[in-house]
1. ³J(HN,Hα) across the range 82-98 via Karplus (A = 6.51, B = -1.76, C = 1.60, θ = phi - 60°), whole Hz, x for Gly/Pro?
2. Assign one of three labels to the range 98-182, namely rounded, prolate or oblate, based on the Cα gyration tensor with a ≥ b ≥ c the square roots of its eigenvalues; rounded applies when a/c is under 1.5, prolate when it is not and a/b is larger than b/c, and oblate otherwise.
3. Taking 0.36 nm per residue of separation and subtracting the Cα-Cα distance, what length does fully extending Asp110 through Gln170 add?
4. Would you mind calculating the gained length between Leu134 and Asp70 on full extension (0.36 nm times residue separation, minus the Cα-Cα distance), in nm to one decimal?
5. For the chain, what proportion of DSSP beta bridges, expressed in % and rounded to the nearest 5, is antiparallel?
6. Rounding to the nearest 10 and keeping the result within 0 to 90°, find how far the Cα-based axis of helix 113-122 lies from the longest principal axis of the chain.
7. For the chain, give the percent of accessible area contributed by carbon and sulfur heavy atoms, probe 1.4 Å, rounded to a whole number.
8. Given axes a ≥ b ≥ c from the Cα gyration tensor, I'd like to know whether the range 1-64 is rounded (a/c under 1.5), prolate (a/b larger than b/c) or oblate.
Amino acid sequence: MTGLAFENVSVQRGRFSGKKTVLNNVSFSLEQGYLCGLAGKNGAGKTTLIQTVISPEQAYSGRITYRGTDIRQRHEEFLQYVGHISDDRCYPYGKSLGQIGELFGPLYRDWDRELYLKQLRDFELAPGREREGLSRGEYLKFQLAFAMGHHARLYLLDEVTAGMDAVFRQEFFRLLWRLLEEDEEVSVLMTTHIQQELDRNMDYVGILEEGRLISFGENDRGMEG
């Protein structure tokens, strides 16, 4: 079944004659159960594409659907299915991981506190750890545990592997593959500027260039390393 689909999506920024096209007539679809990578240089439109999906305030033309339904129609409902993982994702300082779960978990109707705590343990993160004490890698694992705790079906990862060492990057992809293997309704869309990640880790590959999706198709995935 098709999960996320873009149909002729364009985004412009600025006003009047100073408008700039950031996404230009982008179309692609991602079946559930697969990992899709979108690559491009800085400024190619990768982060804008992710923001267009998750932000109800992002203006765009065209259509974005999830499981066949236009996300504009019920955006809050759609976000129940989304696990957004990014360096820019903000969770409060001065709180432990357990407390963050208690604060934000109940916003999701399928929140599973015990599953969240189990995932933290599996990732070797104690619920008592403070948010500000996490390394970058630990912060990404925490976000992944939180998304798993509310049974996300669509994982949106924005440049999360930038700066990872090879060992941790391999471990991170193993976690993503395990998600896909354990639940056929899950799909992952991630942006990257690292071409090697596309060749070795993705089921589908897209290339963005100056806001245009210049290629998109299946890829023969092989394990990194």
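The values are calculated or read from the model by the stated rules, or taken from the named source; none is laboratory data. For clarity, every value in this text was computed on a predicted model and none was experimentally measured. Positions of Cβ are generated from backbone atoms using ideal geometry, with glycine treated the same way; all protein chains shown enter the neighbour counts. Please note that ligands, DNA and RNA were not included when accessible areas were found on the heavy atoms of the full protein model with its side chains. Shrake-Rupley method; radii C 1.70, N 1.55, O 1.52, S 1.80 Å.
1. Per residue, the Karplus-derived 3J(HN,Hα) values read 9, x, 9, 10, 7, 4, 8, 6, 9, 10, x, 6, x, 10, 7, 4, x Hz.
2. Values: a/c = 1.81, a/b = 1.27, b/c = 1.42.
Verdict is oblate for the range 98-182.
3. Values: separation 60, 0.36 × 60 = 21.60 nm, distance 2.94 nm.
Once the chain is fully extended between Asp110 and Gln170, it gains 18.7 nm.
4. Working: separation 64, 0.36 × 64 = 23.04 nm, distance 3.69 nm.
Once the chain is fully extended between Leu134 and Asp70, it gains 19.4 nm.
5. Numbers: 22 of 41 bridges.
In the chain, DSSP labels about 55 percent of beta bridges as antiparallel.
6. 90
7. Using a 1.4 Å probe with all protein chains present, the chain comes out at 45 percent carbon and sulfur.
8. On the way: a/c = 2.32, a/b = 1.72, b/c = 1.35.
Note, shape of the range 1-64 comes out prolate.
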